[in-house]
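Below is one structure, written out as structure tokens; comments come after it.
No lab work stands behind these numbers, since they all come straight from the coordinates. These numbers come from a predicted model, not from an experiment. Note that we place each Cβ from the backbone using ideal geometry, even for glycine, and neighbour counts take in every protein chain shown.
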Amino acid sequence: MSLPGIDTVLASAQGRFASRTSTPDPANSAAVMRENAEQFEAVFLNTMFQTMFAGLEEGGAWGNETGSEAWSGMLVEQYANTIAKAGGIGIADAVQRELLALQEMAGQ
């Protein structure tokens, strides 16, 4: 399973709130915002880790054999997802605050 791009995550988050005409359920909105924020952080971490691991000689733990690039990509993706779900590095919190602010501005 591959992570969506940053643009896709942001467009999805914006579209979910812009398309609602009725009053959203605050609990559901908060959960959706948190999920979007964690997805955004996971995409960021995945990009950062891919760059970081690209410099490893001999392919790191997977070696240079056939398919090692795919396996290392999946490992990095899981690192990113796990770290984002476990609290991350603070990006998800900042994104969630911004999504809440955007939602409040749209409601005025």
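Give the order of S29, S72 when sorted by the count of other beta carbons within 10 angstrom, beginning with the fewest.
Arranged by neighbour count, lowest to highest, S29, S72 become S29, S72.
Arrange the following residues from fewest to most other Cβ atoms within 10 Å of their Cβ: M105, M33.
Ascending number of Cβ neighbours within 10 Å: M105, M33.
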